[in-house]
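*Asks:* Handing you this structure, nothing more for now.
The values are calculated or read from the model by the stated rules, or taken from the named source; none is laboratory data. Predicted, not measured: the structure shown is a model, and the values here were computed from it. Every residue, glycine among them, receives a Cβ derived from its backbone with ideal geometry; neighbour counts consider all protein chains shown. SASA here: full protein model, heavy atoms, side chains in, ligands and nucleic acids out. Shrake-Rupley method; radii C 1.70, N 1.55, O 1.52, S 1.80 Å.
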Amino acid sequence: MAFSAEAAAERRGGIAFHYATPLSPRMLEWYGRFDVLVTHDPLPRAQVDALHRHGTKLALYEWSVAFYASHATPWQRTLAPAALLNRTPLRGHLGATDADAFYYDPATREHERERAPALVRRLRTLGYDGVFLDTTTVASVHPEALAEYERRHAGSPYDEVFARFLAKLRAELGKDGVIVTNQGFRAAAQYLPYADWEVTESLITYPHDGGLVLRPWLEENDRWNSTAFLMPELLGPVQREYPKVRFAHLNYLDALDPRRVEEIVAIARYFGAEAFVTLPSLAADARSDIYFADLGAARPRREGYRFFARGLVVVNRGSGVLRIPNPGGAAYEDVVTGERFRGRTLLIPRGRALVLRKVAR
């Protein structure tokens with residue numbers, strides 16, 4: 001996947017995810033074009049240093065609410081049973097069905113005061129800049145563990161207590177560290193004051209009929225499964241309240257078709273966020289230059305389109321041709337296919353979601 005022959009103005013990409021290590025030389029160079037790369041396991045130190053030379057920061061995967069016994073760190077192995085919500089291993093819920101998980105009690109001294117320093121010591125040993133806290137908030141806690149938390153700490157909301165760890169982590173990492181939260185918008189007041197990035201997962205694509213497909217755009221009878229409702233209603237207020245947090249949508253496809261990747265990126269940028277598209281394994285060669293298209297500053301969003309200083313994003317999920325007023329007659333080019341659109345009215349066929357850059361007529 002690449003740009004058309006006429007080179008487009010580029011910017012750095014936002015945030016990327018790759019869970020296979022180490023990286024090939026070509027992947028190393030490509031991920032060096034992003035501001036942040038999240039990996040599940042640590043990269044070799046030589047690759048960490050190479051990415052830093054490119055200007056990329058590294059964030060290490062960390063399950064927010066629990067850990068697996070089989071992958072426990074030295075600090076996690078030191079935790080006394082009283083620091084955990086379950087003495088018998090738990091499986092399932094948002095955790096793996098074939099691995100034993102232990103859930104933190106966030107109200108304990110170990111979690112509130114010790115977890116952040118232990119985590120930051122590990123990050124600094126590895127040369128990493130920060131952490132990706134996956135599956136955050138009380139909604140991610142196994143029901144049996146949550147029942148124990150509520151028995152122990154009635155009247156102390158889980159997310160408010162968990163935020164003490166986040167405050168400590170922010171202090172330990174310092175202003176140059178990176179905290180990436182996943183689904184933190186569900187309890188924004190407790191999570192996003194400490195985050196640099198907030199990631200949503202599978203809000204644009206979702207599993208359906210055995211495959212990964214785009215969500216419906218707007219189903220009046222199923223609005224909570226409709227992108228055009230979810231984005232402005234669920235995320236819009238949070239984005240406005242936390243303007244210093246960068247928002248990104250992580251979505252999955254069965255195959256990385258360039259046109260489908262473009263659709264997802266277009267939808268994300270239409271709603272004022274970044275995107276990253278990969279396979280469910282998060283280990284694919286997901287290279288596409290669409291992430292680096294520099295459209296410039298965003299203009300106000302209109303129905304089905306959004307102008308930028310140097311480009312245009314279109315999401316025509318309606319029933320007919322979308323007619324976009326273009327009084328100056330500027331010409332635009334699809335950054336994936338090179339298809340040109342020009343004239344005082346731009347005609348976009350239905351079913352298209354495009355990232356267009358302004359070009360000379």
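*Asks:* Go through segment 181-219 and give me each residue that's open to solvent by 20 Å² or more (accessible area, probe 1.4 Å), within 18 Å of Gly272 (Cβ to Cβ) and part of a helix (DSSP H, G or I).
*Replies:* Phe185
*Asks:* Pick from segment 128-179 the residues that are in contact with a strand residue (DSSP E or B) (Cβ under 7 Å, 6 or more places away or on another chain) and assigned to a loop (DSSP other than H, G, I, E, B): which of them is surrounded by the fewest Cβ atoms within 10 Å (Cβ to Cβ)?
*Replies:* If we take residues in segment 128-179 being in contact with a strand residue (DSSP E or B) (Cβ under 7 Å, 6 or more places away or on another chain) and assigned to a loop (DSSP other than H, G, I, E, B), then Thr135 is surrounded by the fewest Cβ atoms within 10 Å (Cβ to Cβ).
*Asks:* Could you check, for segment 198-209, whether at least one of its residues is at pLDDT below 95, over 19 Å from the mean Cα position of the chain (by Cα) and not aliphatic (A, V, I, L, M)?
*Replies:* Scanning segment 198-209, I find at least one residue that is at pLDDT below 95, over 19 Å from the mean Cα position of the chain (by Cα) and not aliphatic (A, V, I, L, M), so the answer is yes.
*Asks:* Here's a follow-up. Please pick out the residue among Ala266, Ala284 that is more than 27 Å from Tyr194 (Cα to Cα) and at pLDDT below 95.
*Replies:* Result: Ala284 is the single residue among Ala266, Ala284 that is more than 27 Å from Tyr194 (Cα to Cα) and at pLDDT below 95.
*Asks:* On the basis of being open to solvent by less than 40 Å² (accessible area, probe 1.4 Å) and either touching a helix residue (DSSP H, G or I) at 6+ places or on another chain (Cβ under 6 Å) or not hydroxyl-bearing (Ser, Thr, Tyr) (or both), does Ala82 make the cut?
*Replies:* It is false that Ala82 is open to solvent by less than 40 Å² (accessible area, probe 1.4 Å) and either touching a helix residue (DSSP H, G or I) at 6+ places or on another chain (Cβ under 6 Å) or not hydroxyl-bearing (Ser, Thr, Tyr) (or both).
*Asks:* Follow-up question, since we're still on this one. Among the residues of segment 220-237, which ones are open to solvent by 90 Å² or more (accessible area, probe 1.4 Å), among the charged types (D, E, K, R) and either in a loop (DSSP other than H, G, I, E, B) or more than 24 Å from Ala188 (Cα to Cα) (or both)?
*Replies:* Answer for segment 220-237, where residues must be open to solvent by 90 Å² or more (accessible area, probe 1.4 Å), among the charged types (D, E, K, R) and either in a loop (DSSP other than H, G, I, E, B) or more than 24 Å from Ala188 (Cα to Cα) (or both): just Glu220.
*Asks:* Further question: Select from segment 319-361 the residues that are out of contact with any strand residue (DSSP E or B) (no Cβ under 8 Å at 6 or more places or on another chain) and touching a residue at least 40 places away in the same chain (Cβ under 8 Å) and write down the one among them that is least open to solvent (accessible area, probe 1.4 Å).
*Replies:* Filtering first and then ranking leaves Gly338.
*Asks:* Here is a follow-up. Which of the numbered conditions does Ala266 fail, given that it passes all the others? Conditions: (1) open to solvent by 10 Å² or more (accessible area, probe 1.4 Å); (2) touching a Leu at 6+ places or on another chain (Cβ under 9 Å); (3) not in a strand (DSSP E or B).
*Replies:* (1)
*Asks:* In this structure, is Arg152 more than 27 Å from Asp41 (Cβ to Cβ) and at pLDDT 95 or above?
*Replies:* yes
*Asks:* Among the listed residues Gly338, Gly328, Gly318, identify the single one that is closer than 26 Å to Pro237 by Cβ, assigned to a loop (DSSP other than H, G, I, E, B) and not charged (D, E, K, R).
*Replies:* Gly318
*Asks:* Also, quick follow-up: Could you tell me whether any residue of segment 241-256 is part of a strand (DSSP E or B), among the basic types (Lys, Arg) and surrounded by 17 or more Cβ atoms within 10 Å (Cβ to Cβ)?
*Replies:* Taking every residue of segment 241-256 in turn, at least one turns out to be part of a strand (DSSP E or B), among the basic types (Lys, Arg) and surrounded by 17 or more Cβ atoms within 10 Å (Cβ to Cβ).
*Asks:* Return the only residue of Asp35, Asp98, Asp49 being farther than 20 Å from Leu250 by Cβ, modelled with pLDDT of 95 or more, open to solvent by 10 Å² or more (accessible area, probe 1.4 Å) and outside any loop (DSSP other than H, G, I, E, B).
*Replies:* Answer to the selection: Asp49.
*Asks:* How do the pairs read when you match residues in segment 270-288 that are under 20 Å from Leu234 (Cα atoms) and touching a residue at least 24 places away in the same chain (Cβ under 8 Å) with residues anywhere that are open to solvent by less than 10 Å² (accessible area, probe 1.4 Å) and of a type outside the set (A, V, I, L, M, F, W, C), using Cβ under 7 Å and keeping only pairs 6 or more apart or on different chains?
*Replies:* Taking only residues 6 or more apart or on different chains, the pairs are Ala273/His249; Glu274/Gly14; Ala275/His249; Ala275/Asn251.
*Asks:* Identify all residues within segment 99-138 that are more than 16 Å from Ala83 (Cα to Cα) and of a type in the set (Phe, Trp, Tyr); write none if there are none.
*Replies:* Tyr128, Phe132
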